[in-house]
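J.: I have a structure I would like to understand better, so I am pasting it below and will then ask my questions one at a time.
Readers should treat all values here as calculations from the given coordinates under stated rules, not as data from a laboratory. This is a predicted model, so every value here is computed, not measured. When we count neighbours, we look across all protein chains shown, and the Cβ atoms used for this are built from the backbone with ideal geometry, even at glycine.
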Amino acid sequence: MKLFFIAAFAFVAMGMAGCKNQSSSQSNTDSLAVSGDSSRAPVLSFETTSYDFGKIKEGEKVSYDFKFTNNGKSPLIISNASASCGCTVPEKPDAPIGPGESGVIKVVFNSSGKQGMQNKTVTITSNAQPSTSELVLIG
């Protein structure tokens, strides 16, 4: 009876995992980090995780390149880059970043209709350990 319960629980857990609202590329990259030895996982290291663009006029666009390096031992795959607001647009690399290689995530903030202090967050999802990182634009 215990074996039946364990098997039924595993089946339900697998079915529930399939209900997550993820793109297939994200779930594939997440499994890459989990399935292998975590000491071999990619490590996403940013030079800086925040940028203060200072004072700008409403309607101006500001961009910043967040530079990073894969300090891990396997290829880094960035599966998603999403902003906290539609006025902020991140551009992620599509190709895997090899161990020791560097890349850039370009973030553009459009200040149209925005006044006063701004604080925008970009969430990066990858197969690195940890699987999410945050970048911040303020000004």
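J.: Which ³J(HN,Hα) values in Hz, rounded to whole numbers, follow from the phi angles of segment 40-46 under the Karplus curve 6.51 cos²θ - 1.76 cosθ + 1.60, where θ = phi - 60° and Gly and Pro get x?
T.: Per-residue couplings from phi come out as 9, 5, x, 10, 8, 10, 8 Hz.
J.: Could you go through segment 49-63 in sequence order and give the Karplus-derived ³J(HN,Hα) for each residue, using 6.51 cos²θ - 1.76 cosθ + 1.60 with θ = phi - 60°, rounded to whole Hz, and x for Gly and Pro?
T.: Here the 3J(HN,Hα) series is 10, 9, 9, 9, 7, x, 8, 9, 7, 4, x, 6, 10, 10, 10 Hz.
J.: May I ask for log10 I(q)/I(0) of segment 41-138 at q = 0.12, 0.16 Å⁻¹, from a Debye sum over the Cα atoms as equal point scatterers with solvent left out?
T.: Here the Debye-derived log intensity ratios amount to -0.38, -0.63.
J.: For segment 44-139, which trypsin sites (Lys or Arg not before Pro) are both in a DSSP coil and crowded by at most 10 other Cβ atoms within 10 Å? Could you put the intermediate results ahead of the total?
T.: Numbers: sites: Lys55, Lys57, Lys61, Lys67, Lys73, Lys106, Lys114, Lys120; in loops: Lys55, Lys57, Lys73, Lys114.
Sparse-neighbourhood loop trypsin sites (Lys or Arg not before Pro): Lys55, Lys57.
J.: Determine the gain in length on full extension of the stretch Glu58-Asp94; use 0.36 nm per residue of separation and subtract their C-alpha separation, reporting nm with one decimal. Walk me through the intermediate numbers first.
T.: Details: separation 36, 0.36 × 36 = 12.96 nm, distance 3.16 nm.
Stretched out fully, the Glu58 to Asp94 stretch lengthens by 9.8 nm.
J.: Moving on. Using r as the Cβ-Cβ distance of Ser50 and Ser84, and R0 as 22 Å, what FRET efficiency do you calculate, to the nearest 0.05?
T.: Details: r = 14 Å, r/R0 = 0.61.
Working from the Cβ atoms, E equals 0.95.
J.: While we're here: Once the piece of chain linking Ile138 and Asn110 is laid out straight, how much longer is it, given 0.36 nm per residue of separation minus the C-alpha distance between them? Could the numbers behind the result be given before it?
T.: On the way: separation 28, 0.36 × 28 = 10.08 nm, distance 1.23 nm.
That pair, Ile138 and Asn110, stretches by 8.8 nm at full extension.
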